[in-house]
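The values are calculated or read from the model by the stated rules, or taken from the named source; none is laboratory data. Note that the structure is predicted; figures quoted are calculated from it, not measured. FYI the Cβ positions are ideal-geometry reconstructions off the backbone, even for glycines, and counts take in every protein chain you see. All accessible areas refer to the heavy atoms of the entire protein, side chains included, with ligands and DNA or RNA removed. Shrake-Rupley method; radii C 1.70, N 1.55, O 1.52, S 1.80 Å.
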Amino acid sequence: MNKSSSLYLSLAPTKMVSLSNQTRFSFHPNNLFLSENRRLGISGVNFPRKINVKITCFAAERPRQEKQKKKSQSQSTSDAEAGVDPVGFLTRLGIADRIFAQFLRERHKALKDLKDEILKRHFDFRDLASGFELLGMHRHMEHRVDFMDWGPGARYGAIIGDFNGWSPTENAAREGLFGHDDFGYWFIILEDKLREGEEPDELYFQQYNYVDDYDKGDSGVSAEEIFQKANDEYWEPGEDRFIKNRFEVPAKLYEQMFGPNSPQTLEELGDIPDAETRYKQWKEEHKNDPPSNLPPCDIIDKGQGKPYDIFNVVTSPEWTKKFYEKKPPIPYWLETRKGRKAWLKKYIPAVPHGSKYRLYFNTPDGPLERVPAWATYVQPGMIASGISMVRSSIRNITNCIAFINKMKQAFSFPFI
């Protein structure tokens, strides 16, 4: 047998061994013995009775093994550089301490599990870090305050403070998903109170600028004038026909279907022609009408063998180009926004500046009051008073335990 030759023994598909040439075999009925005369790591191997042996020389196997070893090393190095494989990290820095290496592996696994758990609930880590934009107390433009906090184990949530007499029922979260969702977030809206003698806003989406004293809405122009200006600048003559007469089409349809001249029976109704035939009839009836700026309906989408797609309707290319070239109307919600003075004149803030408040939760273990986790400012005096209360409570509990121990020693109560 030369160095490039191989010998295969197929006895059972259980194990494969690679050895060099000059090998002796012993085919004993109860034991298969294999030995080698040259310098190898072993002098003999005992096999079970049923095995599958592949014998080949090391000269043919060494290049492939070295290639696989280099490939695994390069893969571990790339993974270590990417921060995925902690083994490559330990090898590169030469960390040989077994306890410290095990500690790093456990920390790496804990970090990986934490990332997976975070990404189950958030799109990315930027979304997780932007919680301050939603959680906590924020002033909304529509004369109200929005508050959101996280309390998955609570059954009831409310805001208590000096502005509502520390009442746990005055500003509570609503029932249902608008007050408490399935992820444990509580949402509470605190509406500004209308001052005596003031009328509610004409627009339900009326916005206020809480920073500047005056804004565009304080110019004296009414909302009707702003809406009229927006329509005049956007719509061309003839295009606002159905805006001015919103019930024209429904009224005609109702008259045709349920009016005095409408069909009363199925026989009078007859067969309804297809859309193309009905459009041609309508076109013939209105051929003498003056030109209109409304979008044309001359193109009939026949589908070309495909089902009708409502998201890809065939239209006129000229009219589509004209539509996209038009500028959007003026933002009426910004044109009607008023300043801070108008807001203070009409409303009493739901949460005045400098108010003290806490979060109230009703948990299975009882009521719980705490400072909101996303509070923008916490008065140091509140923290000091809270610490002093905790210390006094601990002192009282310690005194009670000492008194009970003294009573136990004095009277030897068996039930204590």
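For region 165-207, a Kirkwood hydrodynamic radius built from all Cα pairs, placed in the Stokes-Einstein relation at 25 °C and 0.890 mPa s, yields a translational diffusion coefficient of 187 µm²/s.
Over region 160-234, the alpha carbon radius of gyration divided by the compact-protein estimate 2.2 N^0.38 Å works out to 1.63. Between residue 224 and residue 283, full extension at 0.36 nm per residue minus the direct alpha carbon distance yields a gain of 17.5 nm. The candidates 174, 98, 246, 121, arranged from most to least accessible area with a 1.4 Å probe in the full protein assembly, appear as 98, 246, 174, 121. Each residue was assigned an accessible area with a 1.4 Å probe, and for residue 282 the value is about 130 Å². Please give the net charge around residue 103, taking every other residue with its beta carbon less than 14 angstrom from that of residue 103, where Lys and Arg add +1 and Asp and Glu add -1. Residues near residue 103 contribute +2 overall. Computed 3J(HN,Hα) for region 241-256, one whole-Hz value per residue from the Karplus formula 6.51 cos²θ - 1.76 cosθ + 1.60 where θ = phi - 60°, is 4, 7, 7, 6, 10, 5, 9, 5, 5, x, 5, 5, 5, 5, 5, 5, glycine and proline marked x.
Placing +1 on the Cβ of every Lys and Arg and -1 on the Cβ of every Asp and Glu, with no other charges, gives region 108-191 a dipole of roughly 320 debye about its Cα centre. Taking amide H as placed 1.01 Å from N in the peptide plane, residue 209 has its amide H under 5 Å from the amide H of 338, 339, 340, each at least 5 places away in sequence or on another chain. Computed over region 211-253, the P(r) tail beyond 15 angstrom holds 60 percent of alpha carbon pairs. Computed from backbone phi with θ = phi - 60° and the Karplus coefficients 6.51, -1.76 and 1.60, the 3J(HN,Hα) list for region 348-360 is 9, x, 5, 10, x, 5, x, 6, 9, 8, 9, 9, 10 Hz; x is used for glycine and proline.
With all pairs of separate Cα atoms included, region 130-204 yields a Kirkwood hydrodynamic radius of 13.7 Å. Using the Cβ-Cβ distance between residue 261 and residue 199 with R0 = 35 Å, the FRET efficiency computed as 1/(1 + (r/R0)^6) comes to roughly 0.15.
Output the peptides 233-245, 141-153 sorted from most to least packed, where packing is the average of other Cβ atoms within 10 Å over each peptide's residues. Intermediate results must be reported in sequence, preceding the final value.
Values: 233-245: 11.6, 141-153: 16.9.
The peptides rank, most packed first, as 141-153, 233-245.
Taking every Cα-Cα distance in region 113-244 and sorting them into 5 Å bins from zero, the calculated P(r) comes out as 2, 7, 11, 14, 13, 12, 10, 11, 9, 6, 3, 1, 0 percent.
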